[in-house]
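S.K.: Following this message is one structure expressed as structure tokens.
The values are calculated or read from the model by the stated rules, or taken from the named source; none is laboratory data. Everything numeric here is computed off the predicted structure, so don't read it as measured data. Reconstructed Cβ throughout: ideal geometry from the backbone, glycine too, with neighbour counts over all protein chains shown. For accessibility, only protein heavy atoms count, side chains too; no ligands or nucleic acids. Shrake-Rupley method; radii C 1.70, N 1.55, O 1.52, S 1.80 Å.
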Amino acid sequence: LQQVLNTVSRIAPTNAPVLITGESGTGKELIAEAIHENSDRSHNPFVKVNLGGISQSLFESEMFGHKKGAFTDAYQDRTGRFESADKGTIFLDEIGELDPICQVKLLRVLQDQTFEVLGDNKPRYTDTRVISATNKNLAEMVMEGTFREDLFYRINLIIIRMPALRERTEDIPLLVNHFAIMQTESNRLPEVTISSGAIDFLKKLPYPGNIRELKNLVDRTILVSGKHVITDKDFKEQYTELPLSAEVKKNSVLSLEQLEKEMISKAIGLYGNNHTKIATALGLTRQTLYRRLEKYGIKI
């Protein structure tokens, strides 16, 4: 994450288009906001657009605006997102969801910085920095013919990859304490303490939903438990395990240590505190198992 933030500090003052990649819930929108806030455009608009939620029929009206009477139900003029973002930054989230026809329409404004409002054939200029984000593999989509190659190269001059939470488990204690403070302050609740056992439990979870999933779990546990000290038992009662998606499994590369730690945790889940069965399942001696448990700070 420090590498991500270092990249943000270097490229924020420029006008270079940025593509932020990473799984859902890793904080892509926050990084886009950080780029904008640290740029010369920070006093101008930061316009967010979820491209996955815009239909093909409404794309031009939503992005470029329309004049009154341009089509049925166009009862008044509408300002498009690019015009609203003039002199500022536009954040195109879920750009991998855009269909080929809309990709062509988007490409023109990115190439020429001009667009036409529906019902008005006079080109308009926009001075807008473009930051895009996706949880899909756009390079693979280009190879499959579902994402335009020229658009791909237009949006990804700078690529920032957001790491999944399971790749940065050392940050979990910091995040948990941050979310706990936010939750108690926003709801005027007494301060809570998260036990070391609870932190150990949270570090072992796979988090297909990443930071968003962790925040949801912390918030729910604090509100439902009503306790001043939150333990691993409290989190276990509120935790709902979701299977890793095929895309997550496909794009995930675990280090040998991460893999070993995950397998030990799974064995503990199967055999509880039976050290002999855990060691046998893992193909380890009991002495080796104890060394591994000490190494990873895992308590049984």
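S.K.: I'd like to know if segment 99-109 contains one or more residues that are without any contact (Cβ under 8 Å) to a residue 24 or more places away in the chain and surrounded by 15 or more Cβ atoms within 10 Å (Cβ to Cβ).
M.R.: No, segment 99-109 contains no residue that is without any contact (Cβ under 8 Å) to a residue 24 or more places away in the chain and surrounded by 15 or more Cβ atoms within 10 Å (Cβ to Cβ).
S.K.: Being assigned to a helix (DSSP H, G or I) and surrounded by 12 or more Cβ atoms within 10 Å (Cβ to Cβ) is the filter here, so list the residues in segment 268-285 that pass it.
M.R.: I268, Y271, H275, K277, I278, A279, T280, A281, L282
S.K.: Is there any pair linking a residue in segment 278-298 that is more than 18 Å from D200 (Cα to Cα) to one that is of a type in the set (S, T, N, Q) and in a helix (DSSP H, G or I), with Cβ under 9 Å and at least six apart or on different chains, and which?
M.R.: What qualifies is A279/Q287; A279/T288; L282/T288; R286/T276.
S.K.: Taking segment 37-54 on its own, how many of its residues are out of contact with any Cys (no Cβ under 9 Å at 6 or more places or on another chain), open to solvent by less than 70 Å² (accessible area, probe 1.4 Å) and not in a helix (DSSP H, G or I)?
M.R.: Total satisfying the criteria: 8.
S.K.: May I pose another question? Please work out which residue is farthest from G96 (Cα to Cα), limiting yourself to segment 19-36 and to residues that are of a type in the set (S, T, N, Q) and open to solvent by 10 Å² or more (accessible area, probe 1.4 Å).
M.R.: Across segment 19-36, the extreme among qualifying residues is S24.
S.K.: Quickly run through segment 111-153 and pick out the residues that are closer than 17 Å to E83 by Cβ and among the small types (G, A, S). First the steps, then the outcome.
M.R.: In the first step, residues of segment 111-153 are kept if they are closer than 17 Å to E83 by Cβ; the result is 112-130.
Listed by number, the list holds a single entry, G119.
S.K.: When you go through (1) at pLDDT 95 or above; (2) in contact with a Leu (Cβ under 9 Å, 6 or more places away or on another chain); (3) of a type in the set (A, V, I, L, M) one by one for L189, which number turns out not to apply?
M.R.: With respect to (1) at pLDDT 95 or above; (2) in contact with a Leu (Cβ under 9 Å, 6 or more places away or on another chain); (3) of a type in the set (A, V, I, L, M), L189 is out only on (1).
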